[in-house]
Structures are given as C-alpha cells and as structure tokens.
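So the structure is just underneath, and the comments pick up after that.
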Amino acid sequence: PIIATDWMYNKEIVKNGIHGILVPPHDPAALSEAILQLYNDRALALKYAHNCLNEARKYQPDAVLEELYAFLDDSVK
C-alpha cells in the first residue's frame, strides 16, 4: 500500500482509499496517522496492496504491447 502526500499529480496516480492513503503536504500528524492506520488495520493494508498489484498488471509489457499492437493495426486499416 502507498502512503504519499497529496502533492502535484500524486492523486492522478494514487487513488486515495483504493491504492493507499494521501495525506496533506507538510502534515507530519496526518502522515503518522496514516502509518498507524495501515499498521493497525492489516486487512486494509492487504486490500490496498492487492489493489496496487492489480493496477500494476495493467502496465506489464505484455499488456501494454498488446494494446499498442491493436492500436497500430487499427491505424493501418
């Protein structure tokens, strides 16, 4: 699972409550709370970790290349 600050484009990559927890920048208390939340709620941490793995599979070379080849085939037609 991910714990990151809600800074710049992080929220476009990390979906709060799905892949992990986004905390406000420069807020050590919120960061501490997020760490403790995942430490104390192992089921939640595993859920977020599982969601991260599923998201990462979308970017595996086989999946990306398959999509690229399909796009190229369509553009040739």
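Roughly how much of ILE18 is accessible, in Å² to the nearest 10, using a 1.4 Å probe?
80
Roughly how much of LEU46 is accessible, in Å² to the nearest 10, using a 1.4 Å probe?
120
Enumerate the residues in the stretch 28-49 having an amide nitrogen under 18 Å from the point lying 7 Å beyond the Cα of TRP7 toward its Cβ.
From the stretch 28-49, the list is 28-35.
Using a simple charge model, +1 on the beta-carbon of Lys and Arg, -1 on the beta-carbon of Asp and Glu, nothing else, what dipole does the chain show about its Cα centre, in debye to the nearest 20? Before the final figure, lay out each step's value.
Working: 7 positive and 11 negative charges, 44 e Å.
Using only the charged Cβ atoms, the result is roughly 220 debye.
If one computes the Cα centroid of the stretch 8-33 and of the stretch 51-68, what distance in Å separates the two points?
Going from one Cα centre to the other spans 23 Å.
Give the calculated FRET efficiency between ARG42 and ASN16 to the nearest 0.05, with a Förster radius of 22 Å applied to their Cβ-Cβ distance.
After rounding to 0.05, the efficiency reads 0.70.
Given a 1.4 Å probe and every protein chain left where it sits, what share in percent of the accessible area of the chain is carbon and sulfur?
Roughly 61 percent of what the probe reaches on the chain is carbon or sulfur.
Once the Cα atoms of helix 28-40 and of the chain are each reduced to a long axis, what angle between those two axes, in degrees from 0 to 90 to the nearest 10, is obtained?
80
Suppose a student asked you for the relative contact order of the chain, using Cα pairs under 8 Å spaced at least 6 residues apart; what percent would you report?
Value for the chain: 27 percent.
Provide the solvent-accessible area of HIS50, counting protein heavy atoms only and rolling a 1.4 Å probe, rounded to the nearest 10 Å².
100
The values are calculated or read from the model by the stated rules, or taken from the named source; none is laboratory data. Since the model is a prediction, treat every value here as computed from it, not as a measurement. Please note: Cβ atoms are built from the backbone with ideal geometry, for glycine as well, and neighbour counts cover all protein chains shown. Quick note on the areas: whole protein, heavy atoms, side chains included, nothing else; ligands and nucleic acids left out. Shrake-Rupley method; radii C 1.70, N 1.55, O 1.52, S 1.80 Å.
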